[in-house]
Amino acid sequence: MAELSNCPKCDAIFVRNQFRDVCQDCWKEEEKAYETVYQFIRKRENRTAKMMEVVEATEVEEELIIKFIKTGRLKLAQFPNLGYPCDKCGTSIREGKLCGSCAGDLKKDLQQFTSEEERRKEAAQKEKHGTYFAVNEKINRRF
């Protein structure tokens with residue numbers, strides 16, 4: 001759904017929608033930058049260029065190139081040396097949001113959390129079903 005917003009680049013007011021996150025003027029600049037980057041890396045000799053080589057040759061900001069990759073406008077399958085940083089550690093990756101190492105660490109942490117939660121539930125159940133002793137006054141008075 002569309003909403004009124006300020007452009008993150010130039011601070012102009014525009015109607016934000018699911019397709020554009022910048023104003024019309026900035027969008028046009030991004031389109032020019034995309035064309036520049038795409039024209040550069042589609043040449044056979046530039047297909048193996050690394051991110052910094054593309055940035056230097058096209059003078060387009062790395063963040064904008066990463067945006068093109070994350071939005072699917074540049075397909076990494078065609079460009080083997082391009083990538084973007086892992087959201088956690090910054091290692092260059094080609095898919096997802098986390099590198100294999102960070103994803104493994106996160107998975108391990110989740111498993112540890114889950115097992116600890118299960119242990120807490122078991123302890124709470126044992127505490128609920130504890131044995132209670134009642135003193136019967138009549139038995140003690142029989143003799």
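The values are calculated or read from the model by the stated rules, or taken from the named source; none is laboratory data. In this text the structure is predicted, and so the values were computed from the model without any measurement. Counting neighbours? That spans all protein chains shown, and the Cβs are built from the backbone with ideal geometry, glycine included.
A few notes on this one:
- Qualifying residue in segment 25-42 (condition: buried (at least 18 other Cβ atoms within 10 Å of the Cβ), under 22 Å from Glu95 (Cβ atoms) and in contact with a Gly (Cβ under 9 Å, 6 or more places away or on another chain)): no
- Residue check: Ala77 meets all listed conditions (1) within 25 Å of Lys28 (Cα to Cα); (2) part of a helix (DSSP H, G or I) but one, namely (1).
- Test: residue in segment 125-143 that is basic (Lys, Arg), in contact with a helix residue (DSSP H, G or I) (Cβ under 6 Å, 6 or more places away or on another chain), part of a loop (DSSP other than H, G, I, E, B) and at pLDDT below 90: no
- The residues on offer are Ile65, Ile93, and the sole one that is closer than 30 Å to Asn6 by Cβ and among the hydrophobic types (A, V, I, L, M, F, W, C) is Ile65.
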